[in-house]
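Visitor: Provided herewith is a single structure, encoded as structure tokens, for subsequent inquiry.
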Amino acid sequence: MPHDFMPGLAGIPAAKSAVSDVDGERGVLEYRGIRVEELCKRSSYLETTYLLLFGHLPTRSALERWEQDIALHRRLKYSIIDLMKCLPEQGHPMDALQAAVAALGMFYPGRNVTDMENNYWSAVRLIAKLPTIVAAWARLRRGDDTIAPRDELGFSENFFYMLTETTAHPLWVDIFDDCLILHAEHTMNASTFTGLVTASTLADPYTVVASSIGALKGPLHGGANEEVVEMLKKIGTEDRAASYVEEQLRNKRKLMGFGHRVYKVKDPRATILQGLCETLFQTCGTSQLYDIALRVERRAGELFKGKAVHPNVDFYSGIIYEKMGIDTDLFTPIFAMARVSGWLAHWLEQLRENKLFRPDQIYAGEHDRPYVPLDQR
Ligand code: CMC
């Protein structure tokens, strides 16, 4: 069956899914039919993960059990920590995260993905342990000891604790939790698709998540949040923002944190994150990076007139993490900590009616070439 070739599979559905939906014309994102604005206002990251995985909001008792299951599986086996100690400390945290997640699968080797009980515990472990790995790596590479999770702390509060051994300001915890909600899921993006391709071979969920982490790392996907902050730092002052944007576009270079395959208007997550920036800076003092970002957005808006290129989720998120004192190269691992719930929701959904991904290609090479012996080439 011949088909037109669509570079990047743009506009080609790769799955039927009820996990989330994007209306790119109106700038609407829903998880299981509920708008993300509503979830940020009223839900928590962990409640949202339940919604994504199981398709409905939990009852009070179901939520308590879910939170407890996650809290009790945050610890890492000492061998995983030992393994991370062997990695080069200048290595990127996304690589350390990918290596540790792949290794986790060797400690929990449930290969039979038709065992739904085992799948439940794999999902719990992955959601619970990713923050512990990220925080552990952030400390180990500086030569510090890792900090064990505290069962009585909430998900986001515990992450800050494992990172810094201090209790974070409650406002930071709330804002960070909203950031995790906003990064938890986003339809058929590159990392989700990668995970689903791996999952379609019936590989175990640790391998699925490790492959998704690899896809998320690139600067055209999750890696853009790190690049945005680097770009804003490079610009340095507000008065240089407009000329930087002009020069980038004149030289046909991409502005990081702008553009999206699906959104034709400003990404709703960027709008919410911008609001979170303002709430944070009202309490904790301004951020020069934010002031520069506003100028970049304004000038880009003028120059992109008529082109559907607007700020995406990665444009404002890093500015928040930067203000919270989090290292720039941890931004994408934090994205992964949140997105793991979306990856797992799609994995569980696909398992119900799995079909091996095996697309076609349009062959553009030659046929019937003679083999030329080595001494005649
Ligand atoms: N800066 C400048 N021009 C852009 C940008 C940008 N960031 N994004 C798109 N364009 C232009 C592009 O040059 C092209 O123009 P023309 O038609 O004149 O050649 C047009 O818009 C279409 O761009 P494209 O790259 O073909 O579109 P795409 O759907 O393949 O790309 C994208 C989507 C996200 C890869 C792209 O917008 C991009 O590279 N953005 C910068 C990296 C980034 O911020 N990534 C995060 C994506 S959202 C969150 C996530 O996935 O993690």
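Visitor: Once you put a point 7 Å from the Cα of R35 and another 7 Å from the Cα of R369, both along the Cβ direction, what distance in nm separates them?
Guide: The two pseudo-label positions are separated by 5.7 nm.
Visitor: Roughly how big is region 224-323's charge dipole about its Cα centre, with Cβ charges of +1 (Lys, Arg) and -1 (Asp, Glu), in debye to the nearest 20?
Guide: 500 debye
Visitor: Please tell me which of these pairs span more than 21 angstrom C-alpha to C-alpha: K254/K323; K234/K254; K233/K254; K266/K307? Please list the in-between numbers first.
Guide: Values: K254/K323 25 Å; K234/K254 15 Å; K233/K254 16 Å; K266/K307 12 Å.
Violating the 21 Å limit, Cα to Cα: K254/K323.
Visitor: Which of the peptides 339-351, 305-317, 13-25 is most tightly packed, and how do the rest follow, going by the mean number of other Cβ atoms within 10 Å of each residue? Write out the running numbers ahead of the final one.
Guide: Working: 339-351: 24.8, 305-317: 20.2, 13-25: 14.8.
So the peptides 339-351, 305-317, 13-25, ranked by packing, come out 339-351, 305-317, 13-25.
Visitor: Which value, in debye to the nearest 20, describes the size of the charge dipole of the chain about its Cα centre when Lys and Arg Cβ atoms bear +1, Asp and Glu Cβ atoms bear -1, and nothing else is charged?
Guide: 560 debye
Visitor: Calculate how large, on average over all directions, the projected area of the Cα convex hull of region 132-291 is; give the answer in nm² to one decimal. List each step's numbers first, then the result.
Guide: Details: hull surface 49.1 nm².
In nm², the orientation-averaged hull projection of region 132-291 is 12.3.
Visitor: Of Y263, N312, N225, whose Cα points farthest to the positive end of the dipole of region 224-323 (charges on the beta-carbon: +1 Lys, Arg; -1 Asp, Glu; origin at the Cα centre)?
Guide: Y263
Visitor: Also, quick follow-up: Helix-derived [θ] at 222 nm for the chain: sum -39500 (n - 2.57) over DSSP H runs of at least 4, divide by residue count, nearest 500?
Guide: Theoretical 222 nm ellipticity from helices: -17500 deg cm²/dmol.
Visitor: D for the chain, whole µm²/s, Stokes-Einstein with Kirkwood Rh over alpha-carbon pairs at 10 °C and 1.306 mPa s: what number?
Guide: 73 µm²/s
Visitor: Accessible area per residue of region 43-174 at 1.4 Å probe, in Å²?
Guide: I get 47 Å² per residue for this part.
Visitor: How much accessible area per residue does region 224-323 have, in Å², with a 1.4 Å probe?
Guide: On the way: 4730 Å² over 100 residues.
Counting only protein heavy atoms, the per-residue value for region 224-323 is 47 Å².
Visitor: Given N residues in region 208-346, what is Rg(Cα) / (2.2 N^0.38 Å)?
Guide: 1.04
Visitor: Report the FRET efficiency, 1/(1 + (r/R0)^6), for L351 and L9, where r is their Cβ-Cβ distance and R0 is 25 Å, rounded to 0.05.
Guide: Plugging the Cβ-Cβ distance into 1/(1 + (r/R0)^6) gives 0.70.
Visitor: So, with a 1.4 angstrom probe, what is the percent of accessible area on the chain that is carbon and sulfur?
Guide: On the way: 9700 of 18680 Å².
After summing per-atom areas, the C and S share lands at 52 percent.
Visitor: Next up: Could you compute the net charge surrounding A128? Neighbours are other residues with a C-beta less than 10 Å from the C-beta of A128; K and R count +1, D and E count -1.
Guide: Details: positive: R74, R75, R125, K129; negative: D69.
My count for the surroundings of A128 gives +3.
Visitor: Using the Cα centre of the chain as origin and beta-carbon charges of +1 (Lys, Arg) and -1 (Asp, Glu), tell me which of V197, H183, V209 is placed farthest towards the positive end of the dipole.
Guide: Farthest along the dipole direction, towards plus: V197.
The values are calculated or read from the model by the stated rules, or taken from the named source; none is laboratory data. Being a predicted model, the structure only gives us computed values, none of them experimental. As a convention, Cβ positions derive from the backbone with ideal geometry for all residues, glycine included, and neighbour counts pool all protein chains shown. For the accessible areas, the whole protein counts, side chains as well, though only heavy atoms, and no ligand, DNA or RNA atoms are used. Shrake-Rupley method; radii C 1.70, N 1.55, O 1.52, S 1.80 Å.
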